[in-house]
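Participant: Dropping a structure here in C-alpha coordinates format, bear with me for questions.
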2 protein chains.
Amino acid sequence: MNIKDVAERSGLPAKTIRYYEEIGLIRPLRGANGYRAFRESDLHKLSFLGRARGLGFTIEECRRLLALYEDRGRASADVKALAEAHLQDMEVKIAELRAMQATLRDLVDHCAGDQRPDCPILTGLAGGKGKAAGCH
Amino acid sequence: MNIKDVAERSGLPAKTIRYYEEIGLIRPLRGANGYRAFRESDLHKLSFLGRARGLGFTIEECRRLLALYEDRGRASADVKALAEAHLQDMEVKIAELRAMQATLRDLVDHCAGDQRPDCPILTGLAGGKGKAAGCH
DNA sequence: CTAATCCTTCCCGTCACGGGAAGGTCAAGC
DNA sequence: GCTTGACCTTCCCGTGACGGGAAGGATTAG
(Lines give C-alpha, C1' and ligand atoms only; values in the text may rest on other atoms or scores of the structure.)
Protein backbone atom coordinates (compact mmCIF):
# COMPACT_ATOMS: atom_id res chain seq x y z
CA MET A 1 0.00 0.00 0.00
CA ASN A 2 1.20 3.48 -0.81
CA ILE A 3 0.61 6.43 1.44
CA LYS A 4 -2.51 7.64 -0.30
CA ASP A 5 -4.24 4.32 0.20
CA VAL A 6 -3.55 4.23 3.94
CA ALA A 7 -4.53 7.88 4.15
CA GLU A 8 -7.92 7.11 2.67
CA ARG A 9 -8.41 3.94 4.63
CA SER A 10 -7.27 5.38 7.96
CA GLY A 11 -8.84 8.77 7.46
CA LEU A 12 -5.56 10.50 8.30
CA PRO A 13 -3.89 13.02 5.96
CA ALA A 14 -0.69 11.83 4.27
CA LYS A 15 1.18 14.62 6.02
CA THR A 16 0.11 13.28 9.38
CA ILE A 17 1.18 9.78 8.47
CA ARG A 18 4.64 10.98 7.46
CA TYR A 19 4.82 12.91 10.70
CA TYR A 20 3.90 9.82 12.71
CA GLU A 21 6.69 7.94 11.04
CA GLU A 22 9.10 10.79 11.69
CA ILE A 23 8.40 10.70 15.43
CA GLY A 24 8.59 6.92 15.51
CA LEU A 25 4.95 5.95 16.00
CA ILE A 26 5.03 3.70 12.93
CA ARG A 27 7.82 2.15 10.88
CA PRO A 28 6.55 1.33 7.41
CA LEU A 29 8.82 -0.58 5.04
CA ARG A 30 10.38 1.04 1.98
CA GLY A 31 10.11 -0.11 -1.60
CA ALA A 32 13.01 -0.08 -4.05
CA ASN A 33 11.75 3.24 -5.40
CA GLY A 34 11.93 4.85 -1.96
CA TYR A 35 8.17 4.83 -1.50
CA ARG A 36 6.78 3.85 1.87
CA ALA A 37 5.26 0.37 1.75
CA PHE A 38 2.54 0.04 4.38
CA ARG A 39 1.45 -3.31 5.74
CA GLU A 40 -1.97 -4.05 7.13
CA SER A 41 -0.46 -3.77 10.60
CA ASP A 42 0.66 -0.22 9.82
CA LEU A 43 -2.82 0.68 8.70
CA HIS A 44 -4.17 -0.88 11.84
CA LYS A 45 -1.87 1.20 14.02
CA LEU A 46 -2.74 4.36 12.15
CA SER A 47 -6.44 3.74 12.68
CA PHE A 48 -5.73 3.15 16.34
CA LEU A 49 -3.82 6.42 16.51
CA GLY A 50 -6.56 8.26 14.68
CA ARG A 51 -9.15 7.11 17.20
CA ALA A 52 -6.92 7.87 20.17
CA ARG A 53 -6.20 11.35 18.83
CA GLY A 54 -9.91 11.77 18.19
CA LEU A 55 -10.49 11.17 21.88
CA GLY A 56 -8.06 13.96 22.67
CA PHE A 57 -5.05 11.95 23.78
CA THR A 58 -1.76 13.73 23.14
CA ILE A 59 0.81 12.19 20.87
CA GLU A 60 2.85 11.02 23.84
CA GLU A 61 -0.20 9.43 25.40
CA CYS A 62 -0.91 7.77 22.07
CA ARG A 63 2.63 6.43 22.06
CA ARG A 64 2.09 4.85 25.45
CA LEU A 65 -1.31 3.51 24.46
CA LEU A 66 0.17 1.95 21.37
CA ALA A 67 2.97 0.40 23.43
CA LEU A 68 0.40 -1.05 25.80
CA TYR A 69 -1.65 -2.25 22.87
CA GLU A 70 1.33 -4.13 21.50
CA ASP A 71 2.39 -5.50 24.85
CA ARG A 72 0.54 -8.75 25.31
CA GLY A 73 1.61 -8.86 28.93
CA ARG A 74 0.14 -5.47 29.84
CA ALA A 75 -2.14 -4.96 32.81
CA SER A 76 -5.45 -3.36 31.93
CA ALA A 77 -4.98 -1.26 35.06
CA ASP A 78 -2.19 0.63 33.28
CA VAL A 79 -4.43 1.44 30.34
CA LYS A 80 -7.25 2.46 32.62
CA ALA A 81 -4.99 4.74 34.64
CA LEU A 82 -3.86 6.50 31.47
CA ALA A 83 -7.42 6.93 30.30
CA GLU A 84 -8.64 8.17 33.65
CA ALA A 85 -5.85 10.72 33.83
CA HIS A 86 -6.96 11.97 30.45
CA LEU A 87 -10.58 12.12 31.58
CA GLN A 88 -9.40 14.21 34.47
CA ASP A 89 -7.49 16.55 32.15
CA MET A 90 -10.62 17.08 30.14
CA GLU A 91 -12.62 17.70 33.27
CA VAL A 92 -10.21 20.45 34.23
CA LYS A 93 -10.32 22.02 30.78
CA ILE A 94 -14.09 21.99 30.75
CA ALA A 95 -14.16 23.62 34.17
CA GLU A 96 -11.80 26.36 32.97
CA LEU A 97 -13.88 26.97 29.89
CA ARG A 98 -17.05 27.08 31.93
CA ALA A 99 -15.56 29.58 34.34
CA MET A 100 -14.50 31.84 31.47
CA GLN A 101 -17.89 31.41 29.87
CA ALA A 102 -19.74 32.33 33.04
CA THR A 103 -17.72 35.48 33.53
CA LEU A 104 -18.03 36.57 29.93
CA ARG A 105 -21.71 35.70 29.72
CA ASP A 106 -22.32 37.88 32.73
CA LEU A 107 -20.61 40.82 31.02
CA VAL A 108 -22.40 40.17 27.74
CA ASP A 109 -25.79 40.02 29.42
CA HIS A 110 -25.27 43.51 30.78
CA CYS A 111 -24.33 44.96 27.42
CA ALA A 112 -27.00 46.78 25.48
CA GLY A 113 -25.46 45.86 22.14
CA ASP A 114 -26.67 48.94 20.33
CA GLN A 115 -25.09 51.96 18.62
CA ARG A 116 -24.05 53.67 21.80
CA PRO A 117 -20.44 53.35 22.98
CA ASP A 118 -21.14 52.48 26.62
CA CYS A 119 -20.13 48.88 27.09
CA PRO A 120 -19.94 46.89 30.33
CA ILE A 121 -17.81 44.30 28.56
CA LEU A 122 -15.06 46.82 27.91
CA THR A 123 -15.30 48.44 31.32
CA GLY A 124 -15.20 44.98 32.84
CA LEU A 125 -12.05 44.11 30.91
CA ALA A 126 -10.58 47.46 31.85
CA GLY A 127 -10.85 46.49 35.48
CA GLY A 128 -13.96 48.48 36.19
CA LYS A 129 -16.42 47.50 38.87
CA GLY A 130 -17.48 44.03 37.65
CA LYS A 131 -15.65 40.81 38.36
CA ALA A 132 -13.88 40.26 35.09
CA ALA A 133 -10.57 38.55 35.77
CA GLY A 134 -10.08 35.04 34.55
CA CYS A 135 -7.42 33.95 36.98
CA HIS A 136 -6.98 30.18 37.06
CA MET B 1 8.20 52.47 34.92
CA ASN B 2 10.53 49.70 33.84
CA ILE B 3 9.34 46.36 32.59
CA LYS B 4 9.59 44.60 35.91
CA ASP B 5 7.26 47.09 37.55
CA VAL B 6 4.57 46.72 34.91
CA ALA B 7 5.05 42.97 35.00
CA GLU B 8 4.31 42.92 38.71
CA ARG B 9 1.48 45.42 38.50
CA SER B 10 -0.19 43.82 35.49
CA GLY B 11 0.49 40.24 36.50
CA LEU B 12 1.98 39.49 33.09
CA PRO B 13 5.50 38.04 32.65
CA ALA B 14 8.08 40.43 31.20
CA LYS B 15 8.48 38.06 28.23
CA THR B 16 4.82 38.42 27.43
CA ILE B 17 4.99 42.19 27.63
CA ARG B 18 7.91 42.28 25.19
CA TYR B 19 5.98 39.98 22.92
CA TYR B 20 2.94 42.24 23.04
CA GLU B 21 5.09 45.15 22.00
CA GLU B 22 6.64 43.11 19.21
CA ILE B 23 3.24 42.33 17.71
CA GLY B 24 2.10 45.89 18.12
CA LEU B 25 -0.41 45.61 20.96
CA ILE B 26 1.40 48.26 22.97
CA ARG B 27 3.96 50.93 22.11
CA PRO B 28 5.89 51.91 25.22
CA LEU B 29 8.34 54.80 25.01
CA ARG B 30 12.09 54.30 25.19
CA GLY B 31 14.51 55.94 27.59
CA ALA B 32 17.95 57.22 26.58
CA ASN B 33 19.42 53.94 27.84
CA GLY B 34 17.23 51.90 25.52
CA TYR B 35 15.01 50.70 28.33
CA ARG B 36 11.27 50.60 27.73
CA ALA B 37 9.53 53.41 29.59
CA PHE B 38 5.95 52.44 30.37
CA ARG B 39 3.25 55.00 31.02
CA GLU B 40 0.19 54.40 33.15
CA SER B 41 -1.77 54.00 29.92
CA ASP B 42 0.52 51.14 28.88
CA LEU B 43 -0.02 49.44 32.20
CA HIS B 44 -3.73 49.94 31.78
CA LYS B 45 -3.70 48.32 28.36
CA LEU B 46 -1.63 45.43 29.62
CA SER B 47 -4.09 44.78 32.42
CA PHE B 48 -6.89 44.91 29.88
CA LEU B 49 -5.06 42.40 27.71
CA GLY B 50 -4.38 40.15 30.66
CA ARG B 51 -8.06 40.01 31.53
CA ALA B 52 -9.12 39.45 27.93
CA ARG B 53 -6.59 36.65 27.56
CA GLY B 54 -7.80 35.23 30.85
CA LEU B 55 -11.25 34.99 29.33
CA GLY B 56 -9.82 32.98 26.47
CA PHE B 57 -9.83 35.60 23.73
CA THR B 58 -7.13 35.02 21.13
CA ILE B 59 -4.47 37.65 20.57
CA GLU B 60 -6.22 38.88 17.44
CA GLU B 61 -9.51 39.17 19.29
CA CYS B 62 -7.69 41.07 22.01
CA ARG B 63 -6.32 43.40 19.36
CA ARG B 64 -9.84 44.15 18.14
CA LEU B 65 -11.15 44.51 21.67
CA LEU B 66 -8.38 46.95 22.45
CA ALA B 67 -9.13 48.91 19.28
CA LEU B 68 -12.80 49.08 20.26
CA TYR B 69 -11.83 50.07 23.76
CA GLU B 70 -9.79 52.98 22.43
CA ASP B 71 -12.42 54.00 19.91
CA ARG B 72 -14.71 56.42 21.67
CA GLY B 73 -17.15 56.24 18.78
CA ARG B 74 -17.56 52.47 18.92
CA ALA B 75 -20.94 50.77 19.02
CA SER B 76 -21.37 48.42 21.95
CA ALA B 77 -23.03 46.07 19.46
CA ASP B 78 -19.61 45.43 17.89
CA VAL B 79 -18.10 44.51 21.22
CA LYS B 80 -21.03 42.31 22.08
CA ALA B 81 -20.83 40.51 18.74
CA LEU B 82 -17.16 39.75 19.32
CA ALA B 83 -17.85 38.47 22.80
CA GLU B 84 -20.79 36.36 21.71
CA ALA B 85 -18.75 34.79 18.93
CA HIS B 86 -16.18 33.85 21.53
CA LEU B 87 -18.86 32.43 23.80
CA GLN B 88 -19.98 30.33 20.88
CA ASP B 89 -16.43 29.11 20.25
CA MET B 90 -16.20 28.00 23.85
CA GLU B 91 -19.54 26.30 23.61
CA VAL B 92 -18.29 24.29 20.68
CA LYS B 93 -15.08 23.36 22.45
CA ILE B 94 -16.96 22.25 25.53
CA ALA B 95 -19.28 20.14 23.41
CA GLU B 96 -16.29 18.49 21.71
CA LEU B 97 -14.66 17.77 25.05
CA ARG B 98 -17.86 16.37 26.43
CA ALA B 99 -18.34 14.08 23.44
CA MET B 100 -14.80 12.76 23.83
CA GLN B 101 -15.32 12.39 27.56
CA ALA B 102 -18.55 10.44 27.11
CA THR B 103 -16.97 8.02 24.66
CA LEU B 104 -13.87 7.49 26.76
CA ARG B 105 -15.81 7.22 30.00
CA ASP B 106 -17.87 4.47 28.43
CA LEU B 107 -14.74 2.54 27.51
CA VAL B 108 -13.17 3.12 30.90
CA ASP B 109 -16.27 1.93 32.73
CA HIS B 110 -16.05 -1.41 30.95
CA CYS B 111 -12.40 -1.91 31.81
CA ALA B 112 -11.61 -4.15 34.78
CA GLY B 113 -8.42 -2.26 35.56
CA ASP B 114 -6.61 -5.22 37.03
CA GLN B 115 -3.51 -7.26 36.21
CA ARG B 116 -5.07 -9.07 33.26
CA PRO B 117 -4.30 -7.86 29.73
CA ASP B 118 -7.88 -7.84 28.41
CA CYS B 119 -8.86 -4.24 27.94
CA PRO B 120 -11.99 -2.84 26.31
CA ILE B 121 -10.29 0.55 26.02
CA LEU B 122 -7.62 -0.85 23.73
CA THR B 123 -10.00 -3.00 21.73
CA GLY B 124 -12.27 0.02 21.39
CA LEU B 125 -9.38 2.13 20.07
CA ALA B 126 -8.38 -0.70 17.79
CA GLY B 127 -11.75 -0.45 16.10
CA GLY B 128 -13.29 -3.40 17.89
CA LYS B 129 -16.98 -3.66 18.53
CA GLY B 130 -17.58 -0.55 20.67
CA LYS B 131 -18.25 2.92 19.36
CA ALA B 132 -14.89 4.52 19.84
CA ALA B 133 -14.28 7.05 17.07
CA GLY B 134 -14.11 10.69 17.95
CA CYS B 135 -15.16 12.15 14.62
CA HIS B 136 -16.17 15.79 14.86
C1' DC C 1 6.17 10.86 -25.67
C1' DT C 2 3.59 13.43 -22.82
C1' DA C 3 0.67 14.61 -19.20
C1' DA C 4 -1.18 13.69 -14.96
C1' DT C 5 -0.76 11.83 -10.75
C1' DC C 6 1.63 10.00 -7.59
C1' DC C 7 5.80 9.88 -4.37
C1' DT C 8 10.01 11.86 -1.85
C1' DT C 9 12.54 15.32 1.21
C1' DC C 10 13.08 19.90 3.01
C1' DC C 11 11.89 24.10 5.00
C1' DC C 12 8.84 27.57 6.80
C1' DG C 13 4.46 28.93 9.35
C1' DT C 14 1.09 28.24 12.90
C1' DC C 15 -0.11 30.25 18.37
C1' DA C 16 1.43 32.55 22.36
C1' DC C 17 4.76 32.67 24.44
C1' DG C 18 9.23 30.39 27.66
C1' DG C 19 14.20 29.49 28.27
C1' DG C 20 18.49 30.95 28.02
C1' DA C 21 22.74 33.15 26.02
C1' DA C 22 25.50 37.32 25.28
C1' DG C 23 26.11 41.71 26.51
C1' DG C 24 24.86 46.70 28.19
C1' DT C 25 23.15 49.65 32.43
C1' DC C 26 22.19 51.09 36.93
C1' DA C 27 22.18 51.58 42.10
C1' DA C 28 24.32 50.28 46.42
C1' DG C 29 28.04 49.36 49.27
C1' DC C 30 33.10 49.36 50.26
C1' DG D 1 36.73 54.19 41.91
C1' DC D 2 35.41 49.47 41.79
C1' DT D 3 32.85 45.56 42.35
C1' DT D 4 28.67 43.11 42.88
C1' DG D 5 24.23 42.06 41.79
C1' DA D 6 19.99 43.13 39.86
C1' DC D 7 18.22 44.92 36.21
C1' DC D 8 17.69 45.75 31.09
C1' DT D 9 18.40 44.72 25.92
C1' DT D 10 18.26 41.71 21.61
C1' DC D 11 18.54 37.28 19.46
C1' DC D 12 17.64 32.61 18.63
C1' DC D 13 15.66 28.09 19.57
C1' DG D 14 11.82 25.13 21.38
C1' DT D 15 6.99 23.93 22.23
C1' DG D 16 2.46 20.48 19.76
C1' DA D 17 0.81 18.52 15.97
C1' DC D 18 0.76 19.14 12.12
C1' DG D 19 -0.31 22.19 7.09
C1' DG D 20 1.39 24.48 2.89
C1' DG D 21 4.16 24.48 -0.69
C1' DA D 22 8.58 24.04 -3.36
C1' DA D 23 11.80 21.10 -5.94
C1' DG D 24 12.50 17.02 -8.00
C1' DG D 25 11.98 11.73 -8.95
C1' DA D 26 8.57 7.61 -10.12
C1' DT D 27 4.69 5.61 -12.09
C1' DT D 28 0.74 5.11 -14.93
C1' DA D 29 -2.65 6.15 -18.75
C1' DG D 30 -3.32 7.37 -23.15
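Participant: Is there any pair linking a residue in segment B:15-28 that is touching a residue at least 12 places away in the same chain (Cβ under 8 Å) to one that is part of a loop (DSSP other than H, G, I, E, B), with Cβ under 6 Å and at least six apart or on different chains, and which?
Facilitator: Partner pairs satisfying both residue conditions: B:Y20/B:I26; B:P28/B:F38.
Participant: Hand me the list of helices (runs of 4 or more DSSP H) wholly inside segment A:2-97 holding 1 or more residues that are away from DNA strand C (no atom under 15 Å from the Cβ) and within 14 Å of chain B (Cβ to nearest Cβ).
Facilitator: Details: elements: A:3-10, A:14-22, A:40-54, A:59-70.
Result: A:40-54, A:59-70.
Participant: Would you confirm whether any residue within segment A:46-53 is buried (at least 21 other Cβ atoms within 10 Å of the Cβ), touching an Asp or Glu at 6+ places or on another chain (Cβ under 9 Å) and small (G, A, S)?
Facilitator: Yes.
Participant: If A:L43 passes every condition in (1) farther than 15 Å from A:E21 by Cα; (2) modelled with pLDDT of 95 or more but one, which one does it miss?
Facilitator: Failed condition: (1).
Participant: Looking only at residues that are more than 7 Å from chain B (Cβ to nearest Cβ) and without any contact (Cβ under 8 Å) to a residue 12 or more places away in the chain in segment A:99-109, which one is nearest to A:A52 (Cα to Cα)?
Facilitator: Here the residue is A:A102.
The values are calculated or read from the model by the stated rules, or taken from the named source; none is laboratory data. No experiment lies behind these values; they were computed from the predicted model shown. All Cβ positions, glycine included, derive from the backbone under ideal geometry; neighbour counts span all protein chains shown.
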